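The values are calculated or read from the model by the stated rules, or taken from the named source; none is laboratory data. It should be emphasised that the depicted structure is a prediction, and the values quoted were computed from it without experimental measurement. Here the Cβ is made from the backbone with ideal geometry for all residues, glycine too, and neighbour counts use every protein chain on show. All accessible areas refer to the heavy atoms of the entire protein, side chains included, with ligands and DNA or RNA removed. Shrake-Rupley method; radii C 1.70, N 1.55, O 1.52, S 1.80 Å.
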Amino acid sequence: DGNSKVQATAVQAAITVIPNLNKALETSIPQIVPPIAALMAAKQARLVRDASKAMNLIVDTMDARCLAPVLCSQVVHGNPRSQAVLLKKLAEIIPEIGGKST
């Protein structure tokens, strides 16, 4: 359907943009993560795969201190089909937060 085509195009754009703009996107994490997390629970395998790739890029490139609150929110309030994966991502970044001095 048309909506899934738009979603696929948007997540592909995110995959392209995130590595190029990584740190510049940190202030937009609250707007970027929820729709990508929602697509991780989609019924279409391609959307799930691409959204997971985008989330991996976010986790690998964004500051953990900026990302953790948004991931926590998605784990608590997000779709049950994506909560386990998001919790795993959150567990990956926690050591980065604890290891940084304030």
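Take the residues of segment 11-26 that are over 17 Å from VAL70 (Cα atoms) and free of Cβ contacts under 8 Å to residues at least 40 places away in the same chain: which is most open to solvent (accessible area, probe 1.4 Å)?
ASN20
Restricting to segment 37-91, and then to whatever is β-branched (Val, Ile, Thr) and in contact (Cβ under 8 Å) with a residue 12 or more places away in the chain, can you tell me which residue is farthest from ALA14 (Cα to Cα)?
Just the residues of segment 37-91 that are β-branched (Val, Ile, Thr), to begin with: 48, 58-59, 61, 70, 75-76, 85.
Those still in the list that are in contact (Cβ under 8 Å) with a residue 12 or more places away in the chain too: 58-59, 61, 70, 75, 85.
On the way: ILE58: 10, VAL59: 13, THR61: 13, VAL70: 17, VAL75: 21, VAL85: 19 Å.
So, considering only residues that are β-branched (Val, Ile, Thr) and in contact (Cβ under 8 Å) with a residue 12 or more places away in the chain, the one farthest from ALA14 (Cα to Cα) is VAL75.
Within segment 58-74, does at least one residue satisfy the condition of being open to solvent by 20 Å² or more (accessible area, probe 1.4 Å), out of contact with any Leu (no Cβ under 6 Å at 6 or more places or on another chain) and over 23 Å from ILE97 (Cα atoms)?
no
Filter segment 1-21 down to the residues that are of a type in the set (A, V, I, L, M, F, W, C) and farther than 15 Å from ASP60 by Cβ and list them by number. Full working, then the answer.
Of the residues in segment 1-21, the ones of a type in the set (A, V, I, L, M, F, W, C) are 6, 8, 10-11, 13-15, 17-18, 21.
Matches in segment 1-21: VAL6, ALA8, ALA10, VAL11, ALA13.
Consider segment 27-52. How many of its residues are part of a helix (DSSP H, G or I), crowded, with 16+ Cβ neighbours inside 10 Å and over 8 Å from the mean Cα position of the chain (by Cα)?
Residues in segment 27-52 being part of a helix (DSSP H, G or I), crowded, with 16+ Cβ neighbours inside 10 Å and over 8 Å from the mean Cα position of the chain (by Cα): 6 in total.
Inspect segment 60-76 for any residue being in contact with a Pro (Cβ under 6 Å, 6 or more places away or on another chain) and assigned to a helix (DSSP H, G or I) and give the result as yes or no. Before you say what the answer is, go through the steps one by one.
Step one: of segment 60-76, the residues in contact with a Pro (Cβ under 6 Å, 6 or more places away or on another chain) are 70.
Those still in the list that are assigned to a helix (DSSP H, G or I) too: 70.
There is at least one residue in segment 60-76 that is in contact with a Pro (Cβ under 6 Å, 6 or more places away or on another chain) and assigned to a helix (DSSP H, G or I).
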